[in-house]
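Enquirer: Once you've had a glance at the structure underneath, I'll fire off some questions.
The values are calculated or read from the model by the stated rules, or taken from the named source; none is laboratory data. All figures in this text were calculated on a predicted structure; none of them were measured in a lab. As a convention, Cβ positions derive from the backbone with ideal geometry for all residues, glycine included, and neighbour counts pool all protein chains shown. The accessibility values were calculated without ligands, DNA or RNA, using every heavy atom of the protein model including side chains. Shrake-Rupley method; radii C 1.70, N 1.55, O 1.52, S 1.80 Å.
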Amino acid sequence: MKGQYFSFDAIIASVIFVLAIVALLSYWHSVRSFLDFQNDPLSKDAIRVSNLLFTPQSPQSASCGSLDRLGFARSWNDRRVNESIVDCAALQSQAWLRQKLGTAYGTSILITDLSDGSVTTLGGPVPAGTANVVKIRRLATLVNSTGGTTLAAIDLSMYR
């Protein structure tokens, strides 16, 4: 009679052990894939560029064609996106965008005005069939030429 209780305990202990091993392996796999994502040079550059977009242009008084570095913020103290810089940058080429953002990767930026759904594209779309693409979405306040503000989604896609 006591042997039956012992075998039942062994079965329960085995099930708990297997569940613990599965949970540990699942956690290890998720941490490993997250670290692989962070260590990828394309991912690092995408994060750098997404942060760079919320800095002011350099030099601040320059026209769009003579910029050293592209940034959408109005100033260091006002991180709202200046729509005139966005409109000017939308007219430029993919090579110009890469140079002003200081990246060797292909870059596509979609700025969607969430109030009316209008979309401004910088750098063109991501080519079809591109396998290695990193996408980052950031929300911003867009300041138009009349001084009004709207909420906008900035979708950055970088690819090899």
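Enquirer: Would you mention how many residues in the stretch 101-123 are farther than 19 Å from residue 143 by Cα and either crowded, with 18+ Cβ neighbours inside 10 Å or among the hydroxyl-bearing types (Ser, Thr, Tyr) (or both)? Before the answer, list the steps.
Expert: Start the filter on the stretch 101-123 by keeping residues that are farther than 19 Å from residue 143 by Cα, which leaves 101-108, 123.
Going one step further and asking which of them are either crowded, with 18+ Cβ neighbours inside 10 Å or among the hydroxyl-bearing types (Ser, Thr, Tyr) (or both), we end up with 101, 103, 105-108, 123.
Matching residues across the stretch 101-123 total 7.
Enquirer: Quick one: count up the residues across the stretch 135-154 that are in a loop (DSSP other than H, G, I, E, B) and either open to solvent by 70 Å² or more (accessible area, probe 1.4 Å) or modelled with pLDDT of 95 or more (or both).
Expert: In the first step, residues of the stretch 135-154 are kept if they are in a loop (DSSP other than H, G, I, E, B); the result is 144-148.
Going one step further and asking which of them are either open to solvent by 70 Å² or more (accessible area, probe 1.4 Å) or modelled with pLDDT of 95 or more (or both), we end up with 145-146.
Final tally of qualifying residues: 2.
Enquirer: Sticking with this structure for a sec: Of (1) over 30 Å from residue 114 (Cα atoms); (2) in a loop (DSSP other than H, G, I, E, B), residue 71 satisfies all except one. Which?
Expert: (1)
Enquirer: Give just the number: which of (1) touching a helix residue (DSSP H, G or I) at 6+ places or on another chain (Cβ under 9 Å); (2) not in a helix (DSSP H, G or I) does residue 84 not satisfy?
Expert: Exception for residue 84: condition (2).
Enquirer: What number of residues within the stretch 45-71 are at pLDDT 90 or above, out of contact with any strand residue (DSSP E or B) (no Cβ under 8 Å at 6 or more places or on another chain), of a type outside the set (S, T, N, Q) and surrounded by fewer than 18 Cβ atoms within 10 Å (Cβ to Cβ)?
Expert: Initially, the stretch 45-71 is screened for residues at pLDDT 90 or above, giving 45-56, 69-71.
Right, trim to out of contact with any strand residue (DSSP E or B) (no Cβ under 8 Å at 6 or more places or on another chain) and you get 48, 51, 70.
Of the ones still in play, those that are also of a type outside the set (S, T, N, Q) are 48, 70.
When the remaining residues are screened for being surrounded by fewer than 18 Cβ atoms within 10 Å (Cβ to Cβ), the result is 48.
Number satisfying all stated conditions: 1.
Enquirer: If you don't mind, there's one more thing I want to ask. Touching a Leu at 6+ places or on another chain (Cβ under 8 Å), free of Cβ contacts under 8 Å to residues at least 40 places away in the same chain, of a type in the set (A, V, I, L, M) and farther than 21 Å from residue 100 by Cβ: is that true of residue 139 in this structure? Walk me through how you get there before you give the answer.
Expert: Values: touching a Leu at 6+ places or on another chain (Cβ under 8 Å): yes; free of Cβ contacts under 8 Å to residues at least 40 places away in the same chain: yes; of a type in the set (A, V, I, L, M): yes; farther than 21 Å from residue 100 by Cβ: yes.
Yes, satisfied.
Enquirer: When you check residue 7 against the structure, is it in a loop (DSSP other than H, G, I, E, B), farther than 24 Å from residue 124 by Cβ and out of contact with any strand residue (DSSP E or B) (no Cβ under 7 Å at 6 or more places or on another chain), yes or no? Lay out the reasoning, then the answer.
Expert: Working: in a loop (DSSP other than H, G, I, E, B): no; farther than 24 Å from residue 124 by Cβ: yes; out of contact with any strand residue (DSSP E or B) (no Cβ under 7 Å at 6 or more places or on another chain): yes.
Criteria not met by residue 7.
Enquirer: Out of 74, 98, which single residue is out of contact with any helix residue (DSSP H, G or I) (no Cβ under 7 Å at 6 or more places or on another chain), in contact (Cβ under 8 Å) with a residue 60 or more places away in the chain and open to solvent by 60 Å² or more (accessible area, probe 1.4 Å)?
Expert: Values: 98 fails: in contact (Cβ under 8 Å) with a residue 60 or more places away in the chain.
When all the criteria are applied, what remains is 74.
Enquirer: Can you tell which of 118, 43 is closer than 15 Å to residue 157 by Cβ and among the small types (Gly, Ala, Ser)? Lay out the reasoning, then the answer.
Expert: Values: 118 fails: closer than 15 Å to residue 157 by Cβ.
So the residue among 118, 43 that is closer than 15 Å to residue 157 by Cβ and among the small types (Gly, Ala, Ser) is 43.
Enquirer: Output the qualifying pairs, or none if there are none: Cβ atoms under 7 angstrom, residues six or more apart or on different chains, first residue in the stretch 30-57 and within 27 Å of residue 88 (Cα to Cα), second residue surrounded by 13 or more Cβ atoms within 10 Å (Cβ to Cβ) and of a type in the set (D, E, K, R).
Expert: Once the first residue is within 27 Å of residue 88 (Cα to Cα) and sits in the stretch 30-57, its partners that are surrounded by 13 or more Cβ atoms within 10 Å (Cβ to Cβ) and of a type in the set (D, E, K, R) give 50/138; 54/79; 56/74; 57/69.
Enquirer: Okay, next question. Filter the stretch 124-134 down to the residues that are open to solvent by 50 Å² or more (accessible area, probe 1.4 Å) and out of contact with any Phe, Trp or Tyr (no Cβ under 7 Å at 6 or more places or on another chain), then identify the one that is nearest to residue 45 (Cα to Cα).
Expert: For the stretch 124-134, the residue satisfying everything is 131.
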